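Heads up: the structure comes next, in structure tokens.
Each value in this text was obtained by applying a stated rule to the coordinates, not by laboratory testing. Note that this is a predicted model, so its numbers are computed, not measured. Glycine also receives a Cβ, built like all others from the backbone with ideal geometry; neighbour counts cover every protein chain displayed.
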Amino acid sequence: MIKVNYKYQKDYIYKYVSCAIKFYHERFSINGKNVASIELRKNLPLSYFLDFILTKPEEFNYKVKLLVENKSEIIEFYNPILIYGWLYEMICSNEMKINSKSRKSIFNNFFDDVLFQLKQMKNKDERNLILLDYFINLMGCCKGEKESKKKATLKKISVIINRHRPDRDFYTLFPSWILELSEIFDYNNFMNVDIGYDINDKLNISVCPFCNLKNIEPDKKNHGTYRPDLDHFYPKSKYPFFALSLYNLIPSCDECNRANKREEDTYLKNCRHPFLSGLNNKKIYEINNIDDLIIFSNYNDIDGLNIDLSVKINKYKGYENDIFNIEKRVLDKKDKKYHEKAKNIIKMFMRSDKGKCYKIGNEELTEEEYISESCIDLNFDISSLKQVNKKLKVDLVNAIFKRNDVA
Ligand SMILES: [Zn+2]
């Protein structure tokens with residue numbers, strides 16, 4: 001992931017906020033199509049709404065914590081694992097044990113233990129936890145029942161927590177204004193091509209900041225016909241209140257946004273936000289057979305050598321998970337595209353007198369190959385947000401020519 005300079009100008013922020021305010025009022029308008037309730041307006045006055053819209057990158061985590069503490073019913077509805085993660089873990093890690101028929105007493109003890117801990121949670125806390133009551137009630141009701149019923153209850157609870165298949169009673173447990181939240185923060189109705197185009201334009205990004213593998217430049221000749229995806233860094237299904245937050249919208253390629261990251265819980269996984277930091281100066285790509293490569297490159301001939309490439313994003317695990325599947329995309333076993341690309345980068349760099357001279361020789365390349373593989377566009381002064389594969393090129397060139405550039 002490449003760090004993005006997110007400093008929007010004041011006039012743009014003003015424009016964005018004006019659109020959001022207009023949208024908010026429309027959602028409550030008496031003649032509007034999706035009329036939100038008075039109850040929602042009470043729980044979400046305009047000032048709260050704007051507070052979400054303008055949440056700064058460094059404030060997202062803090063605001064989620066605040067909601068867990070003060071408006072836990074919202075978190076319980078949209079992302080209960082943030083409150084009941086411990087319980088989910090507990091049930092999953094005991095699944096093997098409680099599935100064993102010969103260990104009924106273990107199972108019963110476990111059931112009692114869960115019930116006890118849920119009740120403790122209730123005593124310890126004064127928060128208005130809706131699901132907690134529901135879980136205690138569910139478990140209390142089947143206290144004297146057979147193990148199979150208890151087992152089914154535990155399963156039901158863990159499914160609700162993980163939100164794979166919410167219980168059919170689930171929706172009736174919560175006040176309707178909580179369900180309506182996603183109508184107020186209704187991204188699909190709010191976002192139009194102009195806003196999307198503007199965001200990308202203000203951030204001045206032409207290459208996906210998550211993968212640095214794909215161009216996402218909007219089609220400027222036909223303004224409006226194409227704009228890149230805007231990834232919700234904190235997914236809107238789990239954090240609907242950030243669905244319209246300006247700093248939660250990151251221009252990205254469709255492969256990163258739709259095919260790989262999807263609903264990944266970036267809060268839970270403690271992923272780095274691209275407006276705060278990136279892996280610009282960390283080595284992501286490594287050449288495993290670097291010693292062989294240096295020997296071959298001294299003779300200006302690496303044709304006979306296979307480049308053994310690896311991707312080290314998971315090295316930074318805990319802070320940087322490979323949620324965009326870069327490793328899989330680059331090191332696809334069947335498709336050796338990136339191994340070849342790596343070799344071409346090194347060859348071209350060698351041919352261009354180790355980067356000093358940007359001639360490409362007599363090599364016959366198509367225009368596309370020329371742009372993506374040549375070192376001519378490996379300009380160390382141009383950001384990775386403007387150059388496809390710059391991170392790969394920089395890491396390779398640094399590895400073999402001992403440069404110390406950052407992406
Ligand atoms: Zn991407």
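Key figures for this structure:
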{"quantity": "Qualifying trypsin sites (Lys or Arg not before Pro) for the range 1-106 [loop in DSSP, other Cβ within 10 Å: at most 11]", "calculated": "Lys7, Lys33"}
{"quantity": "Assigned charges on the beta-carbon of Lys, Arg, Asp, Glu; the range 80-162 dipole about Cα centre (debye)", "calculated": "380"}
{"quantity": "Sites excluded, GluC sites (Glu not before Pro) in DSSP loops with at most 13 other C-beta within 10 Å, longest stretch of the chain", "calculated": "1-125"}
{"quantity": "Theoretical ellipticity at 222 nm over the chain - DSSP helices of four or more residues, -39500 (n - 2.57) apiece, nearest 500", "calculated": "-14500 deg cm²/dmol"}
{"quantity": "Neighbour net charge for Val4 - beta-carbon separation under 12 angstrom, K R +1, D E -1", "calculated": "+4"}
{"quantity": "Neighbour-limited loop hits for trypsin sites (Lys or Arg not before Pro), the range 148-201 (at most 15 other Cβ within 10 Å; DSSP other than H, G, I, E, B)", "calculated": "Arg168"}
{"quantity": "Translational D in µm²/s for the chain (Stokes-Einstein at 20 °C, 1.002 mPa s, Kirkwood Rh from C-alpha pairs)", "calculated": "87"}
{"quantity": "Proximal lysines to Lys343, defined as alpha-carbon separation beneath 16 angstrom and excluding residues fewer than eight positions away on the same chain", "calculated": "Lys354, Lys390, Lys391, Lys393"}
{"quantity": "Contour minus Cα-Cα distance for Glu39 and Ala152 (0.36 nm per residue)", "calculated": "37.1 nm"}
{"quantity": "Residue order, fewest to most surrounding Cβ atoms within 10 angstrom, among Leu54, Leu213", "calculated": "Leu54, Leu213"}
{"quantity": "Which of Trp86, Trp177 has the fewest Cβ neighbours within 10 Å, and the rest in rising order", "calculated": "Trp86, Trp177"}
{"quantity": "The chain - percent relative contact order, Cα under 8 Å, separation 6 or more", "calculated": "18"}
